[in-house]
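The values are calculated or read from the model by the stated rules, or taken from the named source; none is laboratory data. For clarity, every value in this text was computed on a predicted model and none was experimentally measured. Neighbour counts are summed over all protein chains in view; Cβ atoms, including those assigned to glycine, are modelled from backbone coordinates with ideal geometry.
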């Protein structure tokens with residue numbers, strides 16, 4: 001009778017161990033991969049805009065090259081009620097720019113290809 005009781009308890013314990021092992025494996029795999037996050041090769045900030053000319057905080061050290069087209073995003077606050085603090089931010093696509101000169105390890109000049117670009121917007125080169 002004692003052996004049967006142990007057999008009945010062993011199966012649920014085995015299932016729990018398998019479940020915990022599976023969950024740990026999934027967590028470790030998720031941490032090791034990029035997962036469903038944003039995939040970009042290069043990201044920087046718009047430092048200045050004059051007419052259609054833009055200076056970006058991306059340069060040779062970041063992999064910037066002549067002719068690359070970067071997508072421009074603006075982070076806009078999301079509020080839930082009038083006069084309340086932002087509940088968060090949303091990324092709004094604003095347009096694209098093309099690098100016309102990489103003049104430093106950290107900076108590049110670009111021209112607006114489409115959309116409206118403002119200072120502090122984010123520029124990203126998608127993979």
Legend entry - Residues (over 19 Å from the mean Cα position of the chain (by Cα) and part of a strand (DSSP E or B)) located in region 43-74: 47, 48, 49, 50, 53, 54, 55
Inset, instruction - Could you figure out which of (1) modelled with pLDDT of 95 or more; (2) loosely packed, with under 14 Cβ neighbours inside 10 Å isn't true of residue 99? - result: (2)
